[in-house]
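Computed from the coordinates by the stated procedures, all read-outs in this text should not be read as laboratory data. This is a predicted model, so every value here is computed, not measured. Using ideal geometry, Cβ is built from the backbone for each residue, glycine included, and neighbour counts are taken over all protein chains shown.
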Amino acid sequence: MGVAKYIKNEKDEVRDVTLQSGIHVKPLYTKKDLEAIGFDPDKDLALPGEYPYTRGIHPLGYRSREWTTRQYTGFGAPKETNERFKLMISHGQTGLNVAFDLPTQMGLDSDDPLAEGEVGRVGMAVDSLRDFEVAFQGIPLDRIGAGLTINAVASIMLAMFQATAEKYGFKKDQVSATPQNDILKEMIGRGAWIFPVKPAVRLIGDTIEYSMKELPRTNPVSVCGYHIRESGCSPVQEIAYAFQIANTYIEEVLRRGHHIDDFVRGFTFNLNVFGNLWEQVAKFRAARKLWAKNLKERYGAKDNRSLLLRGIFGGGGYGMTKAQPENNIIRGAYYALAAALGGAQTTALCSFDEAYTIPTPRAALLSLRTFQILMEEIGLRDTVDPLAGSYFIETLTKQMEERIVEEMKRVDEMGGMIKAVETGYVQKEVARQAYEFEKGVQKGELIKVGVNKYTEGEEMEVELHEYRLGSAEEQVQRLREVKRERDNRKVSQLLKDLESAARAEKNVMPYLLECCKAYATLGEMTKVFKGAYGEFKEPSIF
Amino acid sequence: MEKKIRILVAKPGLDGHDRGAKVVAQALRDAGMEVIYTGLHQTIDQITHTAIQEGVDVIGLSIMSGAHLPICEKLMKEMKKMKIDDILVVIGGVIPKRDIPPLQKIGIQGIFPGGTSFDESIRWIKENVKQRV
């Protein structure tokens, strides 16, 4: 595991293929392989839209509905981001996926000394409701759903989103937000954590519980195998870890006395698409089946709508290369094909210049056009789950399924995902595999075109997105203005109320909503939580 | 016997993408160096203090967010102030070509953008380190 391996003989014949998940691929598959693995088309497949949903969650696949396209967008001040949102929507994008800068992801205001140099750099800067008002001004929030790529402070941002929607006259049941809100994967792979594991998971429980009643169209959590894979794990582990993380959040809500069928429909997944095409397609098919089984058998879900694995399959960042960046345009097209053959409801692609910096409008548009060409020109909408019944794909789907189950068992034996993260078990496993992958590429076991083979040719300079230094200063100015204009007495009272709620382990969402409406800042609210909860300490894994 | 090179692998600032830092840490260790990894979200103060406490020969920064110039400027200034500017500083991460000259100007010579091979960076460190006593 760790890296896919291709072994060739001196005549350049491929002698052995091992996928990243550790599965050996045979040169030929026949009916006998399906028999050997015990494939039963009725039990393993059924029809699309039917349990176990291996073939898709909708009976007609993309015939009834095309996928939603959501390029990850956001930089500088909210006004610049708002303009880019509108540009992408005018080009036919059907959803938003908001990128926040690092201070925002870490719950720091733009004037915090720790934010220096980072304001507006890798995403949009947000300090208060004022910024959300500007960012979503003129966006039809009843039609366009908003993915919010935020985790540690997702509860605060969801409250801010609700306050914004209200301000612009949308009803609570009209708007749909998808905050990423998956803190365990941040602790494993992406690093934007603040609070310790247990209170952080409790905050996620709060958002789920709150959304059930208050924001029925919102998907309060998007569980990300994506970033764990970006950090080094195999496709099998990507799904196994994501499901065990989801199970942790499920149990947090069940603990509060709710029934699984009342909330689990709000769960979505964010999964990765780079690497071997067949392995990714089989992964998505196996994942749909296992998620349905997990809910039915482990949690006793009765409502069929609870069993559907919905999600964004896309990105592919780690497959993209810095060398010969134009090759990433072609890679992106194949990754999008994997997502489509895997039955993605929503998609997004890393743009070809993202190994350098955040994408230029031209690069982002190319990604969007990639999706449009797939859906409109080459026949991906013709028929649902077109690879079903293939000797190879069905065998591989079963093999992936078996391995995902084994990997999930390993986490169960550790005592669940919270333990596995607190002790650093998953982090260690992921880092080890990342190292194996890198060694494999440097030794040439896994070919990356332009990196370790076919490296000749002119070096191409990419046009880079410019970071505008002035936007940080403007952001700090706006923050000062907000603090001057708001009712500061009211804000401090509301922050005190928030603190008591946090300490009493009440659901904090209604308190956050009031704070946001009064223009309390993200930094102020986060500080309250830090006081009540403390901060996460990384387990040492070396 | 030759003393092992001690290197601090540090993740300064708010960026949490640590795949690169952790991979390089393992490669440096396999190359016979003693590696100390700081973990995430380190301030410059924390990094210089750890460097002094651990008596390292090299500080290796990993930065993915694009904020490498302001971060490196701050580090070099602080190191001068603390009189530890004899420690070799190297940097890896998402570093566009055009930022290499300004980084060199503030005194960082070991610059390893994404895609640099382990061999190349390890060789460079071994050739350029002045072991401290």
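Remarks
- Rounded to the nearest 10 degrees, the angle from helix A:391-414 to the longest Cα principal axis of chain A is 50 degrees.
- Cβ-placed point charges (K, R +1; D, E -1), dipole of the range A:1-128 about Cα centre in debye, nearest 20: 780 debye
- Helix A:470-485 and the longest principal axis of the Cα set of chain A meet at an angle near 40°.
- Over all distinct Cα-Cα pairs of chain B, the Kirkwood formula returns a hydrodynamic radius of 14.6 Å.
- Rg to Rh, two decimals, where the range B:83-133 supplies the alpha carbon set and Rh follows Kirkwood: 0.98
- Taking the charge dipole of chain A about its Cα centre, with +1 at Lys and Arg Cβ atoms and -1 at Asp and Glu Cβ atoms, the residue from A:Leu290, A:Pro361, A:Met375 reaching farthest to the positive side is A:Leu290.
- Base-10 log of normalised Debye intensity for the protein assembly as shown (one unit scatterer per alpha-carbon) at q = 0.10, 0.11 Å⁻¹: -0.95, -1.17
- Summarised as an ellipsoid, the range A:251-314 has semi-axes of 26, 12, 9 Å, derived from the eigenvalues of the Cα gyration tensor scaled by 5 and square-rooted, with the largest first.
- Sorted largest first, the spans of the alpha carbon positions of the range A:62-135 along the three principal axes are 52, 19, 19 Å.
- Size of electric dipole in the protein assembly as shown: Cβ of Lys, Arg +1 and of Asp, Glu -1, about Cα centre, debye, nearest 20: 680 debye
- Positive dipole terminus of the protein assembly as shown, leading residue within A:Val25, A:Leu307, B:His49 (C-beta point charges): A:Leu307
- Available extension along the chain between A:Met414 and A:Lys496 is 25.6 nm, counting 0.36 nm per residue and deducting the alpha carbon span.
- Taking a sphere under 9 Å around the Cβ of A:Leu495 and counting the other residues whose Cβ falls inside, with K and R at +1 and D and E at -1, yields a net charge of -1.
- C-alpha center-to-center spacing [the range A:16-61, the range A:227-244] in angstrom: 20 Å
- Long-range tail of P(r) for the range A:459-512 (Cα pairs > 18 Å, %): 61 percent
- Shielding of A:429-440 by partner chains, average beta-carbon count, 10 Å: 4
- Chain A: angle of helix A:235-254 to the longest principal axis, Cα-based, in degrees nearest 10: 40 degrees
- Computed [θ] at 222 nm, helices only, for chain A once each DSSP H run of length n ≥ 4 contributes -39500 (n - 2.57): -14000 deg cm²/dmol
- Charge dipole (Cα centre; +1 on Lys/Arg Cβ, -1 on Asp/Glu Cβ; no other charges) of the range A:365-414 amounts to roughly 160 debye.
- Over chain B, dividing the summed -39,500 (n - 2.57) contributions of all DSSP H runs of at least 4 residues by the number of residues returns a 222 nm mean residue ellipticity of -12000 deg cm²/dmol.
- Taking every DSSP bridge with both residues inside the protein assembly as shown, close to 10 percent are antiparallel.
- Positive-end extreme of charge dipole, the range A:88-136 - chosen from A:Ala115, A:Val134, A:Met88 (charges on Cβ): A:Met88
- In the range A:14-142, one over the average inverse separation of all distinct C-alpha pairs is 19.2 Å, which is the Kirkwood hydrodynamic radius.
- In terms of the mean number of neighbouring beta-carbon atoms within 10 Å, the peptides A:411-417, A:98-104, A:339-345, A:131-137 order highest first as A:98-104, A:339-345, A:131-137, A:411-417.
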